[in-house]
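What follows is calculated from the coordinates using simple rules that are stated; it is not laboratory data. Just so it is clear, the model here is predicted, and its values are computed rather than measured. Because the Cβ atoms are built from the backbone with ideal geometry, glycine has one as well, and the counts that use them run over all protein chains shown.
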């Protein structure tokens, strides 16, 4: 099995930086936070959730003519729509709703690892990044 390139890990963890930036700014210098910060931060969280749902689509695509591939593509679409709907909720509700979407994305990854071809190192990366995202979502929610 091929391991994921180091660049994949670097970019994945770099993607956590905007998740950390919002709550950190509000924790350290809340008086200087711009009015647009929460909307920008929430949009980023929803975009990343949708992107992660899209990766499931891409991994299911090679088997799309079979029932497992179709299920993966349907699951991906449902998760993307849930991320979009979660982002449309009022801010205090959108944060826990997006947390649920990120947990469902990990559940979908467990299914994908068992039913579709596993990708060496990918599941571990996804879980560790999701833990980071969930910590940041909780951190921001606690600041409300």
Response to the item:
Over the chain, the sum of -39500 (n - 2.57) across DSSP H runs of at least four, divided by residue number and rounded to 500 deg cm²/dmol, gives at 222 nm -26500 deg cm²/dmol
Response to the item:
Output row, site residue 27, 7 Å Cα→C-beta label point, backbone N cut-off 19 Å, window the range 61-96, residues 95-96
Worksheet item: Tell me, what is the Rg over Rh of the chain, with Rh the Kirkwood radius over Cα pairs?
Response: 1.01
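Note the full-extension length gain between residue 135 and residue 114 as 0.36 nm times their separation in residues minus their Cα-Cα distance, in nm to one decimal.
4.9 nm
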Worksheet, complete the sentence: A student applying the Cα gyration tensor rule (rounded when a/c is under 1.5; otherwise prolate if a/b is larger than b/c, oblate if not) would label the range 35-80 prolate
Item to complete: Run the quick spin-label model on residue 142 and residue 8: label points 7 Å from Cα toward the beta carbon, then report their separation in nm to one decimal.
Response: 3.2
Item to complete: Using a/c under 1.5 as the rounded threshold, could you call the range 49-119 rounded, prolate or oblate? The axes a ≥ b ≥ c are square roots of the C-alpha gyration tensor eigenvalues, and prolate needs a/b larger than b/c, oblate otherwise.
Response: prolate
Worksheet item: Gap in Å between the Cα centre of the range 95-117 and the Cα centre of the range 27-47?
Response: 25
